[in-house]
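Notes for the one structure printed next.
The values are calculated or read from the model by the stated rules, or taken from the named source; none is laboratory data. Just so it is clear, the structure is predicted and the values come from calculations on it, not from any experiment. No Cβ is skipped: glycine too gets one built from the backbone with ideal geometry, and neighbour counts run over all protein chains shown. Quick note on the areas: whole protein, heavy atoms, side chains included, nothing else; ligands and nucleic acids left out. Shrake-Rupley method; radii C 1.70, N 1.55, O 1.52, S 1.80 Å.
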Amino acid sequence: MLTIDGSCLEGGGQIVRLAVALSALAGIPVAVTRIRENRPNPGLAPQQIAAVRAVAGVCNAECRGLTVGSREITFAPGDLRRADLRIDPGTAGSITLILQAWLPVALRTGGSITVTGGTEVAWSPTIDYMDRVLAPVLRNAGASIAIDALERGYYPRGGGRVHVRVESTCPGPITIPEEGECGIVSCSAGLPAHVVERQAAAAREILCRDPGLSCTVTTDAREGGAGAGSSVTVWSGAKGAAALGRRGLPAEEVGRTAARALARECRSPGTVDVHLADQLLIYVACYGGEYTTHTLSMHAKTVCRILPEFGYRVECRENDTVEFSA
């Protein structure tokens, strides 16, 4: 059984999610120790427990230590199998981080998952980023992924619900198309409909001016939901950004914040944004391919550290850009 130090480098829940996904793919049992040891609230959070259970559902894994606050887990995978899962962490935790663990494994087997929680959560990709930035790169390589945001959910109440279905495929190498669409998705739940319009208009104004992008706009204002909240996700090809609304923050500033972040990414060298760079590493390790970004993040360093433990390797070269290939 491999042992992975959950406090190394990035030191967060990413290590748990990555370790169990790689364990399932490689068929190698793993123990993750010192989980989130240096975080203000060390040990497992409900979100990480839900991610482990999602992966376990695709490989009939035997798991130990899955309790809130646990500093160590063991994960012994069985045979990969197609499954249709329902996962509810019971909190407003990020749905996309749960999907990050499940998706690489589910692409081998096919199946579906319905996850409850937060669709737009701080310090994690929005569900629209996953659908409009990550998923198109994987679809371009041959993956079959359908993402449906059934309900929007925002901190602290959550209540979002997402259904994802994938078909068993063998994608080709991960490559980044030279051109891709540019878009804005402005969303809200439990707020007046004009909020999404104001967010979108402000984002569009910034992107039309700098860096001169012509974006399609989609608005999604939902009357109901467990709690109120809003978000803007913007993208151009394989570069994206997002911003979340909060009480007292003008809707226009939410849109501008997302658009300015994308404009910075578009002005920076590389074919993908810095956040997509670490999310794609597991797929490049599995299927081959290459891409570049402008900065080697701690998240990417962490993935590159853990991949070889399971027999996977990605080359990382730092020059004028950071180049990843396998």
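Some points to look at:
- Per the listing 50, 54, 26, 21, the residue uniquely over 17 Å from the mean Cα position of the chain (by Cα) and among the hydrophobic types (A, V, I, L, M, F, W, C) is 26.
- The strands (runs of 3 or more DSSP E) located wholly in segment 98-193 that include 1 or more residues which are over 19 Å from residue 233 (Cα atoms) and open to solvent by less than 10 Å² (accessible area, probe 1.4 Å) occupy 111-117, 160-167.
- Number of the condition not met by residue 76 [criteria: (1) closer than 19 Å to residue 304 by Cα; (2) touching a Lys or Arg at 6+ places or on another chain (Cβ under 9 Å); (3) not charged (D, E, K, R)]: (1)
- Sole residue being touching a strand residue (DSSP E or B) at 6+ places or on another chain (Cβ under 8 Å) and either open to solvent by less than 50 Å² (accessible area, probe 1.4 Å) or modelled with pLDDT under 95 (or both), chosen from 244, 262: 262
- In segment 47-64, of all residues being at negative phi and not aliphatic (A, V, I, L, M), the one that is surrounded by the most Cβ atoms within 10 Å (Cβ to Cβ) corresponds to 48.
- Pairs with Cβ under 7 Å, 6+ apart, first in segment 277-297 and within 15 Å of residue 320 (Cα to Cα), second acidic (Asp, Glu) and open to solvent by less than 10 Å² (accessible area, probe 1.4 Å): 293/273
- Among the residues making up segment 1-46, those that are assigned to a strand (DSSP E or B) and either open to solvent by 20 Å² or more (accessible area, probe 1.4 Å) or more than 28 Å from residue 109 (Cβ to Cβ) (or both) are 2, 3, 5, 33.
- Elements of type strands (runs of 3 or more DSSP E) contained in segment 194-296, each with 3 or more residues being closer than 19 Å to residue 155 by Cβ: 216-222, 229-236, 239-244
- Test: residue in segment 68-86 that is out of contact with any strand residue (DSSP E or B) (no Cβ under 8 Å at 6 or more places or on another chain), open to solvent by 40 Å² or more (accessible area, probe 1.4 Å), over 20 Å from residue 134 (Cα atoms) and among the β-branched types (Val, Ile, Thr): yes
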